[in-house]
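The next block holds one structure in the form of structure tokens; read it before the comments.
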Amino acid sequence: MAKSWESIVEKKRMALASAIPKEWVKPGLKEEMVSKGFVNTSDYLDTILPKEEIEITSKTIPELSKLISAGEVSAVQVTEAFTHRAMLAHQILGCCSEIFVDKALERAAKLDEIFQKTGKTVGVLHGIPISLKDQVDLVGIPSSIGYVSLANEKKTQNALLADKLLEQGAVFFAKTCVPMAMMAPETASNLYPYNYSAANINLSSGGSSGGEGSLIAAGGARAGFGTDIGGSIRIPATYNGLFAIKPSVGENPEPV
């Protein structure tokens, strides 16, 4: 007998919740934020996170890269700061479709080892946490794009984009929610709860890259990657108060 789709959804949501490190689980966080009069998730997180983590997550990628390459902060420190903030943001906004903080910290530790041995960074994104829209394939992780039937179908190879980012030292820690099949200007599906804007908790995050938009606007990542045909990056950027780039083929040169 086939499993009901409701049971698949329940197990998927439970697995996602259990992927958050226990010390970062904060029941009722969204309600607490609203009760204190906040609508902007980033503003609220700045009131509850440690000062040293806020200092890291408030910096730009060039600033972080400079600090890492100078040995002033480690990839592990940067990854811990962003993943902590991202996990709190997810509990408020429902922005992540897959969470793998443990893998991110392992990757960051290996990058730190390389830097300690060679005195050089792997690339321009060495130790920088980067989030990915759900459809970007990573080995061993599903790309469900909101379909219940694909909730547990793990991928066997990385997308080209993912490999290029890894070559530059990026650290992946989460994939972000999209509407089912991605062709919608808001982010909701049978598989995951509704995704809200980080700029205003009462409004939609947009779509289809809504999870990316809300996670980045909450400060859970400094940059992330989505896709856009009819506005799937531009709409979430607008709804979350962000800048978005949709480059044409050949117009975004590979870093040297």
query: Based on what the data block shows, is ILE20 within 17 Å of the chain's Cα centre (by Cα) and in contact (Cβ under 8 Å) with a residue 60 or more places away in the chain?
result: yes
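Which residues, taken from segment 195-218, are part of a loop (DSSP other than H, G, I, E, B), surrounded by fewer than 24 Cβ atoms within 10 Å (Cβ to Cβ) and either in contact with an Asp or Glu (Cβ under 8 Å, 6 or more places away or on another chain) or of a type in the set (Val, Ile, Thr) (or both)?
Once the filter is applied, which keeps residues that are part of a loop (DSSP other than H, G, I, E, B), surrounded by fewer than 24 Cβ atoms within 10 Å (Cβ to Cβ) and either in contact with an Asp or Glu (Cβ under 8 Å, 6 or more places away or on another chain) or of a type in the set (Val, Ile, Thr) (or both), segment 195-218 yields only ILE201.
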message: Which residue is nearest to CYS96 (Cα to Cα), if the candidates are limited to segment 60-84 and must be within 20 Å of the chain's Cα centre (by Cα) and free of Cβ contacts under 8 Å to residues at least 24 places away in the same chain?
response: GLN77
- request: Identify, by number, the condition in (1) surrounded by 18 or more Cβ atoms within 10 Å (Cβ to Cβ); (2) within 21 Å of ILE8 (Cβ to Cβ); (3) in contact with a Lys or Arg (Cβ under 9 Å, 6 or more places away or on another chain) that LEU132 doesn't meet.
  value: (2)
task: Looking for whichever is outside any helix (DSSP H, G or I), under 21 Å from THR83 (Cβ atoms) and touching a residue at least 12 places away in the same chain (Cβ under 8 Å) here; the options are LYS30, LYS26, LYS12. Which one fits?
output: LYS26
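Kindly check whether there is at least one residue in segment 86-97 that is assigned to a helix (DSSP H, G or I) and more than 14 Å from the chain's Cα centre (by Cα). Write out each step before concluding.
Residues of segment 86-97 that are assigned to a helix (DSSP H, G or I), as a first pass: 86-93.
Then keep just the ones that are more than 14 Å from the chain's Cα centre (by Cα); that gives none.
For segment 86-97, residues assigned to a helix (DSSP H, G or I) and more than 14 Å from the chain's Cα centre (by Cα): absent.
Give the residue that is farthest from LEU88 (Cα to Cα), with candidates limited to residues of segment 2-19 that are of a type in the set (Lys, Arg) and either at pLDDT 95 or above or in contact with a Phe, Trp or Tyr (Cβ under 9 Å, 6 or more places away or on another chain) (or both).
Here the residue is LYS11.
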message: Here's a check for you: in segment 147-194, which residue that is surrounded by 20 or more Cβ atoms within 10 Å (Cβ to Cβ) and hydroxyl-bearing (Ser, Thr, Tyr) is nearest to LYS110 (Cα to Cα)?
response: THR176
statement: Here the residues within segment 98-124 that are of a type outside the set (S, T, N, Q) and either modelled with pLDDT under 95 or in a loop (DSSP other than H, G, I, E, B) (or both) are PHE100, GLY119, LYS120, VAL122, GLY123, VAL124
field: Extreme residue, nearest to GLN77 (Cα to Cα), among residues of segment 125-141 that are of a type in the set (A, V, I, L, M) and assigned to a loop (DSSP other than H, G, I, E, B)
entry: ILE128
field: Residue selected from segment 173-194 under the condition of a type in the set (S, T, N, Q) and assigned to a loop (DSSP other than H, G, I, E, B), by the criterion farthest from TRP5 (Cα to Cα)
entry: THR187
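The values are calculated or read from the model by the stated rules, or taken from the named source; none is laboratory data. Because the structure is predicted, anything quoted here is derived from the model rather than measured. Please note: Cβ atoms are built from the backbone with ideal geometry, for glycine as well, and neighbour counts cover all protein chains shown.
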